[in-house]
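The values are calculated or read from the model by the stated rules, or taken from the named source; none is laboratory data. Every value quoted in this text rests on a predicted model; they were computed, and no experiment measured them. Cβ sites come from the backbone with ideal geometry, for glycine too, and all protein chains shown count toward neighbours. With ligands, DNA and RNA removed, areas are computed over all heavy atoms of the protein, side chains included. Shrake-Rupley method; radii C 1.70, N 1.55, O 1.52, S 1.80 Å.
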Amino acid sequence: MAENVEVTDGMFPKLDEAQIARLMPLGEVRLVDAGEIVFDQGDSEHGVFVVLSGSVQLFSAVNGRESPLAVHGAGVFTGEVSQLSGRRSLVRCRAHLASRLLEISRANLQRIMLTDALLGEVFLRAFLLRRVYLIGHSVGDAVLIGSNNSADTMRLKAFLSRNGHPFSYVDVERDADVQAMLDHFGVRVTDIPVLICRGELVLRNPTNAETAVCFGLNAGIDDDSVYDLIVVGAGPSGLAAAVYGASEGLKVLVIESNAPGGQAGSSSRIENYLGFPMGISGQDLAARAFVQAEKFGAQIAVARSVAALKCARPPYALQLDDGGSVQSRSLIIASGVQYRRLNLPNLAQFEGAGVYYGATQVEAQVCRDQDVAIVGGGNSAGQAAMFLSTFAKHVYLLVRGPGLSETMSRYLISRIEACPNITLKTFTEIEALEGNGHLERTHWRNTQTGEPHTCETEHLFLMTGASPNTAWLNGCVAMDSKQFIKTGADVGESWPLERSPYLLETSLPGVFAVGDVRAGSMKRVAAAVGEGSMAVQFVHRVLAE
Ligand SMILES: Cc1cc2nc3c(=O)[nH]c(=O)nc-3n(C[C@H](O)[C@H](O)[C@H](O)COP(=O)(O)OP(=O)(O)OC[C@H]3O[C@@H](n4cnc5c(N)ncnc54)[C@H](O)[C@@H]3O)c2cc1C
């Protein structure tokens, strides 16, 4: 039973004798002396330990200093979600007393998840609650030193948050004892953002890929296998394909350029997805789907992009941006779309430094009590306006047309109309951005009256539609004039086989396209999830051919 951490229902369940008896054949008994390290922060090779007798203590270990987290007595087990993927441990475990432990390997843990629903649920719930605790209390191996005015700080915050990796944040402009920390690690304020990895490595403005390597986010991914199914993209459609594929026994790898969730991950609240009457944030939805996919054994690589498809014949080879390559007997393309950028000469210098493409908690925190402007008339802009109105002083919603009725759902329009701190600006276009390092003001004009306006806003959200992520396919599959992928009956004459293409199959047999990247798709979470799940049925047929 935990002593140092407040106990949440299910976080530290005590297995009963019958449950332990079911686990005994799946594990190996280990005897440890009092004080002995059972596994350390950063280790990834160990399994889950069930305490048979004695007790073990968990610590967070930062800069060599141990802070106690919990003591597990007989019947309690170690582990949290990294145990499913083979990622490194975020905590240290030391025997509190001389103890008898049962070590269950990752492979056997996955077997339990699939074959013993009750025990599987006990483990999974505890793992999830423990990860939530670690994130909420910034316990782990990452310290980010940065500034909310720095685009790269915002990028790293978003990358770590969206990958569910706990981190402590130190702001050079706000935190009093920051100098001591900078001195300790031998870095200067001008180096920020700086990421301290596992208390020892100092990464100056690392890329997302470098960050993923340092924290072992892709530990356990096997590049050498030939997979049954590779899914490109871990948005809602790709994660759905991974859950269905892996749960139906396929060897599945998902490759994601950034972090799980895709566009949905940048949505503050999705209210029209079945089963969530109170709405759910895109990040929560993605985090659940990610764990669900891993529970069934799917491997998910993050911060790795597919750069090219060698489309000759199966197994298809995918070239990755880091020089690696992976092979699969079938593919599901779930690479979605990317936001359209405004045609403004200095836009790039403010991206992440006042100009954002999604409105999540990360962005909301930095625009508290300030004016913000949002460009766009679609549902994503409407949701962002409602969400940000609870943090910001005032929200300006800018649209080029005469109003919102053509582009936004009625329920959102009604809420926006009823919200006192949102102002809709119709017939409005942004003309210029101004600022020194960070956005300071935005100039826009009414295209009907010609009237200019300058808004002293440091935060501009661009939500103006999107174009498909298909450049990497380099003409391998048939596309429409806007570069969305054609599927099924629409592939027409490019289809090479006797049999007709399956629903969602591209012009390349065994390669499917799902979600927003597919020509004619619905551009909704539910549709993306549905297509990702459906495609797996056809993958089975292709693999059986
Ligand atoms: C702010 C916002 C709010 C929204 N709100 C709602 C809502 O309330 N309800 C609703 O139904 N829909 C909503 N949508 C739309 C919904 O999010 C999308 O329809 C859905 O996310 C599409 O899922 P997808 O998996 O097809 O693609 P995406 O979500 O676009 O995911 C594609 C993924 O593929 C990755 N990728 C791209 N190229 C590569 C590559 N070469 N290699 C590896 N990975 C790659 C991307 O990084 C991305 O993670 C919203 C969208 C936004 C932007």
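Dimensions of region 386-483 based on its C-alpha atoms, expressed as ranges along the principal axes with the largest first, amount to 50, 39, 31 Å.
Rounded, prolate or oblate: which one fits region 78-188, using the alpha carbon gyration tensor with axes a ≥ b ≥ c (rounded when a/c is under 1.5, else prolate when a/b beats b/c, else oblate)?
Numbers: a/c = 3.29, a/b = 2.01, b/c = 1.64.
Since a/c reaches 1.5 and a/b is larger than b/c, the shape of region 78-188 is classed as prolate.
Computed over protein heavy atoms with a 1.4 angstrom probe, the accessible surface ordering of Arg524, Arg87, largest first, is Arg524, Arg87. Specify the inter-centroid distance of region 503-544 and region 126-166, based on alpha-carbon positions, in whole Å. The two parts, judged by their Cα centres, are 33 Å apart. Residues Val62, Val122, ordered by accessible area of protein heavy atoms at a 1.4 angstrom probe radius and largest first, appear as Val62, Val122.
Each Cα pair under 8 Å and six or more residues apart adds its separation to the average, and for region 233-382 the resulting relative contact order is 23 percent. For region 370-477, GluC sites (Glu not before Pro) meeting the loop criterion (DSSP other than H, G, I, E, B) and having at most 10 other Cβ atoms within 10 Å: Glu406, Glu456. With the cut-off at 1.5 for a/c, could you classify the chain from its C-alpha gyration tensor as rounded, prolate or oblate? In terms of gyration-tensor shape, oblate.
Look at the alpha carbon pairs under 8 Å that are at least 6 residues apart: their mean separation over the length of the chain gives a relative contact order of 11 percent. In the context of the full protein assembly, Glu28 retains an accessible surface of approximately 140 Å², using a probe radius of 1.4 Å and ignoring ligands and nucleic acids. Computed with a 1.4 Å probe on the full set of protein chains, the accessible area for His184 sits at about 120 Å². Pairs of lysine residues in the chain that meet both criteria, 8 or more places apart or on different chains and Cα atoms under 18 Å apart, total 4. Relative contact order of region 342-438: 30 percent, from C-alpha pairs under 8 Å at least 6 residues apart in sequence. Select from the chain the helices, each a whole stretch of DSSP H, whose alpha-carbon atoms run 27 Å or more along the helix axis and whose Kyte-Doolittle mean is at least -1.0; answer none if there are none. Helices passing the filter in the chain: 117-136, 525-544. At the residue level, Ser481 shows approximately 110 square angstrom of accessible surface with a 1.4 angstrom probe and all protein chains present. For the pair region 471-501 / region 84-119, the C-alpha centres are spaced 45 Å from each other.
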